[in-house]
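Have a look at the structure below, then the notes.
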Amino acid sequence: MNKLMTVNDVAEYLSKPCSWVYGNWKRELIPFRKVGQSLRCRRNDLEKWLDEQS
């Protein structure tokens, strides 16, 4: 099962503070989706996004 990652999960995965993730998710095009009031990301989408970064 592909568990959705929270902002905290993504921050830990990227070794960045949560404040960086929140502050940059739109500008950096981190593949979050809104689920209610929360941001969630699929691990596969995050890995694909990382591969696309130069």
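The values are calculated or read from the model by the stated rules, or taken from the named source; none is laboratory data. Note that the structure is predicted; figures quoted are calculated from it, not measured. Cβ: placed from backbone, ideal geometry, glycine included. Neighbour counts: every protein chain shown. To get the accessible areas, we keep the full protein, side chains included, count just its heavy atoms, and leave off ligands, DNA and RNA. Shrake-Rupley method; radii C 1.70, N 1.55, O 1.52, S 1.80 Å.
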Calculated [θ] (222 nm, deg cm²/dmol) that DSSP helices of n ≥ 4 give over the chain, each run adding -39,500 (n - 2.57): -12500 deg cm²/dmol
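Roughly to the nearest percent, how much of the accessible area of the chain is carbon and sulfur, given a 1.4 Å probe? Numbers along the way, then the final one.
Details: 1930 of 4100 Å².
C and S fraction of accessible area: 47 percent.
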Could you check which residue among 16, 34, 26 shows the biggest mean-square fluctuation in a GNM of the chain with a 10 Å Cα cutoff? 34
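Give, rounded to the nearest 20 debye, the magnitude of the charge dipole that the range 1-51 has about its Cα centre when Lys and Arg contribute +1 at Cβ and Asp and Glu contribute -1 at Cβ.
Working: 10 positive and 6 negative charges, 47 e Å.
So the magnitude is around 220 debye.
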Pair residue 48, residue 15: separation of 7 Å Cα→Cβ label points (nm): 2.6
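Order 38, 15, most accessible first, counting only protein heavy atoms with a 1.4 angstrom probe. Could the numbers behind the result be given before it?
Working: 38 45, 15 100 Å².
Per-residue accessible area, sorted high to low, gives 15, 38.
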Taking the Cα atoms of the chain alone, what are Rg (to one decimal) and Dmax (as a whole number) in Å? 10.4, 32
Would you please give the residues with an amide H less than 5 Å from that of residue 5, counting only those at least 5 places away or on a separate chain, with H modeled from the backbone geometry? 41, 42, 43
